[in-house]
Amino acid sequence: MAAPSDPTTSPDESIPAPMVLVCGDDDFSVKQRARALYEQWCSELGGMDHEVLDATASNVGEAQQKIAKLHAALNTLPFFGGAKVVWFQNCNFLGEDRTSSSTSVTSALAELAETLKSFRWNGVRLLISAGKPDKRRAIFKAFEKQKTVELFAALTHEDKDWAGKAESEAIRILRAAGKEADDEALAELVNRVGPNLRMLASECEKLALYTGQRNTISLSDIQLCVSRQKIARAFALAEALGDRDLSKLLRTLDEELWEIRVGTDKRKSEIGLLYGLISKVRSLLMIKELLSNGSLKLCRDYNSFKSQLDRMPASSMPTDRRFNPLAFHSFVLFQAMKQAANYRTEELVEAMGILLEANRKLVSADLDEALVLQQAAFRIVGIRRKAA
């Protein structure tokens with residue numbers, strides 16, 4: 001999520017900026033920010049003539065009607081005099097979809113952009129909230145030229161810093177509710193929810209209600225209240241292996257195999273599950289090595305861990321991405337760091353051999369895939385654990 005600039009003042013003047021576009025594919029952040037800005041403006045200007053226009057359109061005709069209403073709202077003077085705010089809310093035709101790309105809509109938006117350039121903003125402010133925009137459009141460039149665009153990009157798992165951003169947002173929401181979470185609880189919260197700010201806010205509100213008068217949120221609170229979302233469930237098998245929890249590992253493996261058998265997720269396969277386990281063991285081995293040679297130090301919060309990774313020189317790492325820790329997602333390595341003490345290095349090396357053997361059986365032998373994976377899981381996690 002991009003940090004927004006302050007749009008309340010014009011870049012060249014000290015007066016409030018007359019128009020702001022709040023947009024992006026992070027729907028939750030866009031709505032939250034637009035609502036806050038609208039309320040701020042209404043409070044500053046006072047009066048009773050502010051307008052909120054629903055800008056959601058399902059076809060070209062509706063989009064044209066919405067734009068016409070916006071023109072009318074901008075040109076209608078406040079009934080009681082003074083100033084007014086016009087909020088063009090939830091606009092869904094500034095992007096690249098079929099409605100947005102139609103000639104009539106693009107022409108109407110271009111005409112609106114020209115109107116805004118010459119509009120007399122005496123006592124009028126315009127706020128538009130929208131989804132992901134097409135930056136080539138004249139309307140977007142009109143706001144961009146005024147430097148009054150706030151763009152919110154949704155968090156994705158491909159974003160290497162999504163966990164840090166999610167942690168920061170969770171801390172902000174919990175503190176606003178008068179709550180604090182320790183590092184372990186915070187990491188588990190982010191791990192369970194994943195890069196979904198709307199769901200993260202919902203889970204934080206749930207935790208605030210559950211803990212009542214208690215100010216501190218613990219790991220047990222997270223485990224009791226917060227459900228695992230889809231992305232977290234996708235990594236549940238590898239996490240069970242890292243936690244060295246045999247019953248959890250076999251239960252999760254059984255659930256994954258059932259999904260493959262019934263075909264609920266066409267992207268999953270037995271060999272894909274195996275490669276996920278191989279990647280997990282490889283990350284555990286890397287972390288063990290980095291901890292043993294002093295490249296990393298144990299820490300409990302993700303941001304401290306990420307700052308250590310960022311300071312590691314890329315030139316000192318292997319060129320092969322499979323063995324380069326900097327090529328791994330930093331949150332995956334952070335989880336591995338918390339689990340590394342569950343295995344000795346020799347056990348992890350032995351685990352790689354077990355998984356290699358399972359790979360050969362899945363590829364070349366006519367054996368039951370579920371049995372091969374179950375046996376491999378039992379042999380790895382069931383290896384007699386000695387003191388780390």
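Results for (1) at pLDDT below 95; (2) surrounded by 20 or more Cβ atoms within 10 Å (Cβ to Cβ); (3) among the charged types (D, E, K, R); (4) not assigned by TED's automatic domain parsing to the domain that holds residue 58, shown as yes or no for each residue.
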{"position": "71", "(1), (2), (3), (4)": "yes, no, no, no"}
{"position": "77", "(1), (2), (3), (4)": "yes, no, no, no"}
{"position": "81", "(1), (2), (3), (4)": "yes, no, no, no"}
{"position": "84", "(1), (2), (3), (4)": "yes, yes, yes, no"}
{"position": "98", "(1), (2), (3), (4)": "yes, no, yes, no"}
{"position": "102", "(1), (2), (3), (4)": "yes, no, no, no"}
{"position": "106", "(1), (2), (3), (4)": "yes, no, no, no"}
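Considering (1) outside any helix (DSSP H, G or I); (2) within 32 Å of the chain's Cα centre (by Cα), the lone condition that residue 338 does not fulfil carries the number (1). Please indicate, with yes or no, whether at least one residue in segment 263-281 is at negative phi, surrounded by fewer than 19 Cβ atoms within 10 Å (Cβ to Cβ), at pLDDT below 90 and in contact with a Pro (Cβ under 9 Å, 6 or more places away or on another chain). Within segment 263-281, not a single residue is at negative phi, surrounded by fewer than 19 Cβ atoms within 10 Å (Cβ to Cβ), at pLDDT below 90 and in contact with a Pro (Cβ under 9 Å, 6 or more places away or on another chain). Quick check on segment 197-213. Is at least one of its residues at positive phi and without any contact (Cβ under 8 Å) to a residue 24 or more places away in the chain? Yes. Contact map, segment 94-119: residues that are more than 15 Å from residue 140 (Cα to Cα) paired with residues that are assigned to a loop (DSSP other than H, G, I, E, B) and modelled with pLDDT of 90 or more, Cβ distance under 7 Å, separation 6+ or inter-chain. Pairs shown: 99/57; 99/59; 99/93.
When segment 357-383 is limited to residues that are loosely packed, with under 12 Cβ neighbours inside 10 Å and in a helix (DSSP H, G or I), the one that is farthest from the chain's Cα centre (by Cα) turns out to be 364. Has segment 242-260 got at least one residue that is assigned by TED's automatic domain parsing to the domain that holds residue 332, surrounded by 14 or more Cβ atoms within 10 Å (Cβ to Cβ) and of a type in the set (S, T, N, Q)? Looking through segment 242-260, at least one residue is assigned by TED's automatic domain parsing to the domain that holds residue 332, surrounded by 14 or more Cβ atoms within 10 Å (Cβ to Cβ) and of a type in the set (S, T, N, Q).
Among residues that are under 24 Å from the mean Cα position of the chain (by Cα), charged (D, E, K, R) and assigned to a helix (DSSP H, G or I), residue 306 is included.
Taking the criterion of being assigned to a helix (DSSP H, G or I) and under 14 Å from the mean Cα position of the chain (by Cα), the residues of segment 204-231 that qualify are 230, 231.
Could you tell me whether segment 131-141 includes any residue that is basic (Lys, Arg), assigned to a loop (DSSP other than H, G, I, E, B), under 30 Å from residue 60 (Cβ atoms) and without any contact (Cβ under 8 Å) to a residue 24 or more places away in the chain? Yes, there is a match, as at least one residue in segment 131-141 is basic (Lys, Arg), assigned to a loop (DSSP other than H, G, I, E, B), under 30 Å from residue 60 (Cβ atoms) and without any contact (Cβ under 8 Å) to a residue 24 or more places away in the chain.
The values are calculated or read from the model by the stated rules, or taken from the named source; none is laboratory data. Small disclaimer: the values here were computed from a predicted structure and weren't measured. Glycine also receives a Cβ, built like all others from the backbone with ideal geometry; neighbour counts cover every protein chain displayed.
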